[in-house]
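The block underneath contains the structure these notes are about, expressed in structure tokens.
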Amino acid sequence: MDTLQRLGIPLPIATGALGLVVALIAAMGLFGRKNHMPVEGRTVLITGASEGMGRSAAIQLAAKGAHIILVARNVGRLEEALADVKAAAASPSTQRFTYISADVSEHEYASRVVAEAIAWNGGRSPDIVWCVAGMSTPLLWTDDGALAAARRNMDVNYFGSADMSRAILREWLDPANSTGPGAEPKHIIFTASVLALFAIVGYGPYTPSKWALRGLADTLAMEVNLYPDNPVKVHVVYPATIVSPGLERENKTKPAITLELEKDDPPETPDTVARRAIAGLERGEYFVALSFLGNLMRCGVMGGSPRNNWVWDTLVGWFVPVIYFFVLRIMNGQVRGWTKTHGHPSKSAAKATYHQEPLRGTVSISRPGTSMTSSVIRSQRGRSNKVTKPGPPQRGRTPRQVAAHLAAHDDHAHNHGLPDDLKADPGSVFDDVRMGADDYAAAAAAAAVMDTDLTEDAHGEAEAEADMDDGSGAGAPSGMPHVDLTAANILANGGAGPPATAMSQPVQEQLQEMQQNLAHAHQQHQHSHQHQHQQQHQHQHQHQPPAQMGASQQMQPGHQPMDQPMVKTTEELARDSGYGELNVESALAKRLAREPGQRLAQQRRPEQVLNLARRSNVEALFAHIAGEPARVPCKNCHKGHGPWTSCIVVDGQMCGSCANCWFNASGARCSFHETRNPQAVPQHPAILPATTAGLASDPTYRFAAPTHPLLQSHGSAMGGVAHSGGLLINNPLLQQMVNRAMVEVRAADKATRQLIQIEIAAKQLALHIVECEEMVNGQEQAGGPVPGQQVMGDDSGA
Ligand SMILES: NC(=O)C1=CN([C@@H]2O[C@H](COP(=O)(O)OP(=O)(O)OC[C@H]3O[C@@H](n4cnc5c(N)ncnc54)[C@H](OP(=O)(O)O)[C@@H]3O)[C@@H](O)[C@H]2O)C=CC1
Ligand SMILES: CCCCCCCCCCCCCCCC(=O)[C@@H](N)CO
């Protein structure tokens, strides 16, 4: 009192101020923490519960004592998730769990699902329904396919949840199911995204579907007040970036600028996101944001929506525009800057990517790594970053070519689980993007059969039946042997070939054995090859994937690289690698195109058609051909991800990522970002082409590199011992590669399509080695320069 009087503050004002503070604290929920969503003994139905956040939520709610009904399409993954959920149960003897397979994008799927859930639950409807199932197809709005993608996103994200909410509300709000106003309320929970609070470029097809959920939720939050005897609470959860299988999928179509803008948004694991969401629901929040930033965004858009806390949300809401003033300036600056440095955004890149989405779901999938319990790990294991897809009709292989290829490999369809309905009617897979053309559908279906990436990614926009009962058996990509042809690459254009006499004994033996194996394999598959050759002759002038190159072109005399002029630019080598008709648009691509190429691009899955309509993918291809092998492969390459067989970097380019990770994903997930140190392999000068071994760090030299490495004579860096023998084959890296190839060739199942891949790839390796040997021998006899050795001193790089 004394103090107040001395300060001259009248008592009523002081009391008022104190009251306000108490009210504020109370309003902030610091007193009396009640659990507004108890789940113990209650039944929770979760859509999208087999993976990502939905799965984590199911596990956590099971641990809190809930009975759980999981909903998703793929039965195999539902069963895995169910096992994980069961394992997490607080009281395994009393809690019950089940799953229902359903596609939430199917018209009025929800009434069936709710009916099945009620039947399973002894005639009682679930008490809590959480709509998590969702997808995202980020594209620029003017990209091809963006509108179809938008419809698909709307069907899954909005209508999938809208339908479910309606089906369950018709149960809950039925007068026959009145519980009285005092009863524990039911909960309908929608899952939106922070993008429904703050939109950024590149999510045009997705963001509106999540904003739509807000509109519906606001409507329902008012509408449920019509039914006081049937208390229902509505909620919307707003996650930011979740490191989930879904994120990995969406990153395949994500524009580079989008990746750039969201890279500072800290990604969270599905477990963390689910935990925070559940905590918010237990606090009784209507809009549940999961982070500080998310809460700022939430408070920035409240409009006429119910507040979690009127005082707090309003105060924060006043402040948020100040942040946005700066955030928008910065972001728009970034966007403008992007075009300045990268040029006009490619408009065509997306077409291929989106139209393939529904297709992916129609091939059976296999899931390696099923023992992993973390969905994050699972996603990394089970779904690669590989971004190879059947091309659109106009680019790469035409539909007819692919269909022809399928005909040539008819047996593969049987071996690789193309669903019967798809075999019978391939066109059906395109129903939901309204792709009429039979040949394209058939072709794309054919490509899907050949494409193990698609197989493993099949989960995408699936027709549930197609995915079902697939287990995790045949075609498991991580188990699929493939020969790393890095050595062949190097030998093809950048290194020296050893005479057989100089080979170390084990390698020699291995090579012999390999040749025998290959000869054997070749006999076995001669028939199909002949067939294939016929097909290919018809399309020889078109873009061919490298596999066919290996099988046909390279085996024809006169087409061998060695017969061609020795100095090849990156662009020429790209063509030699089987990539025709490239749009060289970006500055980086233009520059790399002119540089001397160092290797052929060898695809891990030779039959796949890469989307080279996307400009950054052309950059990746060129970088792969022109760059240097990383000292240690990035994690993705190490795991066998990415389109090409080796981890290649170009100093100071592609934001430090490797070429594989730059492809389609613009390097977002390249582990080189962790080390910021994607170094090439100067410790292996023998296998590095002369032009780059010494001068990699000096771009001017690289541009000026005068001759093909194979033609250059040896330099001081080789210590003058530039003897052809042992130069390469004693190199441990090369030995390791050959060893690995041998192991993989041995392990291959000869009856499968995978053998053909291996056969082709390994033959290329053998071809390159033999060709280099022959050339080295020939040149030595003629007193010519020895390949793989350097003209210029290379003190600078090694
Ligand atoms: N990942 C992210 O960065 C963000 C995601 N979100 C949203 O959060 C939610 C969860 O995302 P995330 O953890 O990434 O999930 P995932 O994409 O990893 O998993 C999606 C789940 O939904 C199921 N699903 C997908 N499509 C359908 C369909 N048509 N019918 C039935 N089930 C389907 C999937 O199973 P199956 O394929 O077998 O059907 C799977 O169980 C989604 O709504 C997403 O939009 C929000 C913000 C960020
Ligand atoms: C006051 C506000 C400050 C604003 C800062 C903005 C920072 C940008 C965050 C962008 C995050 C994008 C997450 C996308 C999540 C998602 O839904 C997709 N992955 C689709 O699945």
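Below, the figures for the structure above:
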item	result
Scan of segment 566-600 for residues that are among the hydrophobic types (A, V, I, L, M, F, W, C), crowded, with 18+ Cβ neighbours inside 10 Å and assigned to a helix (DSSP H, G or I), ordered by number	L573, A574, L588, A589, L592, A593
Residue among L259, L315, L281, L293 that is more than 11 Å from ligand 2 (Cβ to nearest atom), surrounded by fewer than 19 Cβ atoms within 10 Å (Cβ to Cβ) and on the phi < 0 side of the Ramachandran plot	L315
Of residues in segment 200-215 being farther than 12 Å from P138 by Cα and either in contact with a Ser or Thr (Cβ under 7 Å, 6 or more places away or on another chain) or of a type in the set (K, R) (or both), the one nearest to ligand 2 (Cβ to nearest atom)	K210
Residue tally, condition of a type in the set (F, W, Y) and open to solvent by 50 Å² or more (accessible area, probe 1.4 Å), over segment 625-653	0
Unique residue being touching a Phe, Trp or Tyr at 6+ places or on another chain (Cβ under 7 Å) and more than 26 Å from G284 (Cβ to Cβ) when the list is A148, A119, A192	A148
Failed item, numbered, when N230 is tested on (1) at positive phi; (2) away from ligand 2 (no atom under 16 Å from the Cβ)	(1)
Verdict on S616 being open to solvent by 10 Å² or more (accessible area, probe 1.4 Å), closer than 21 Å to K254 by Cβ and part of a loop (DSSP other than H, G, I, E, B)	no
When residues of segment 182-199 are limited to those that are small (G, A, S) and open to solvent by less than 20 Å² (accessible area, probe 1.4 Å), the one farthest from ligand 1 (Cβ to nearest atom)	A196
Which numbered condition V113 misses (of (1) out of contact with any Asp or Glu (no Cβ under 6 Å at 6 or more places or on another chain); (2) more than 10 Å from ligand 1 (Cβ to nearest atom))	(2)
Any hit, segment 254-261, residues being without any contact (Cβ under 8 Å) to a residue 12 or more places away in the chain and more than 30 Å from L173 (Cα to Cα)	no
Subset tally (residues that are among the small types (G, A, S), in a loop (DSSP other than H, G, I, E, B) and over 22 Å from the mean Cα position of the chain (by Cα)) for segment 170-198	4
Residues being within 16 Å of ligand 1 (Cβ to nearest atom) and hydrophobic (A, V, I, L, M, F, W, C) - total across segment 297-317	2
Subset of segment 90-110 that is farther than 24 Å from A148 by Cβ and open to solvent by less than 70 Å² (accessible area, probe 1.4 Å) - its residue that is nearest to ligand 1 (Cβ to nearest atom)	S101
Qualifying residues in segment 200-217 (those that are open to solvent by 30 Å² or more (accessible area, probe 1.4 Å), away from ligand 1 (no atom under 13 Å from the Cβ) and touching a residue at least 12 places away in the same chain (Cβ under 8 Å)) - the one nearest to A150 (Cα to Cα)	V201
Residues satisfying the stated conditions in segment 150-166, i.e. more than 9 Å from ligand 1 (Cβ to nearest atom) and in contact with a strand residue (DSSP E or B) (Cβ under 8 Å, 6 or more places away or on another chain)	M164, S165
Residue pairs meeting the criteria (Cβ under 6 Å; at least 6 apart or on separate chains; first closer than 12 Å to T207 by Cα, in segment 182-194; second away from ligand 1 (no atom under 11 Å from the Cβ) and open to solvent by 10 Å² or more (accessible area, probe 1.4 Å))	V194/M297
Which numbered condition R336 misses (of (1) open to solvent by 60 Å² or more (accessible area, probe 1.4 Å); (2) closer than 25 Å to G52 by Cβ; (3) basic (K, R))	(2)
Matching residues, segment 133-149, being within 14 Å of ligand 1 (Cβ to nearest atom), open to solvent by 10 Å² or more (accessible area, probe 1.4 Å) and not aliphatic (A, V, I, L, M)	G134, S136
Conditions (1) modelled with pLDDT of 95 or more; (2) acidic (D, E); (3) within 13 Å of ligand 2 (Cβ to nearest atom): number failed by E223	(3)
Subset of segment 269-296 [near ligand 1 (Cβ under 10 Å from one of its atoms) and farther than 26 Å from F319 by Cα]	T269, P270, A274
Residues (farther than 25 Å from R33 by Cβ and more than 11 Å from ligand 2 (Cβ to nearest atom)) located in segment 296-312	G303, G304
Restricting segment 12-54 to residues that are open to solvent by 90 Å² or more (accessible area, probe 1.4 Å) and modelled with pLDDT of 65 or more, the residue that is farthest from F159 (Cα to Cα)	P12
Pairs where the first residue, in segment 87-111, is under 29 Å from R170 (Cβ atoms) and the second is within 16 Å of ligand 2 (Cβ to nearest atom) and among the hydroxyl-bearing types (S, T, Y), C-beta under 6 Å, 6+ apart	V104/T47
Lone qualifier among P368, P270 - being under 26 Å from the mean Cα position of the chain (by Cα) and modelled with pLDDT under 95	P368
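The values are calculated or read from the model by the stated rules, or taken from the named source; none is laboratory data. Here the structure is a predicted model, which is why all the values come from computation and not from measurement. Cβ coordinates were reconstructed from backbone atoms using ideal geometry, including for glycine residues, and neighbour counts include every protein chain displayed. Accessible surface areas use protein heavy atoms only, side chains included; no ligands, DNA or RNA. Shrake-Rupley method; radii C 1.70, N 1.55, O 1.52, S 1.80 Å.
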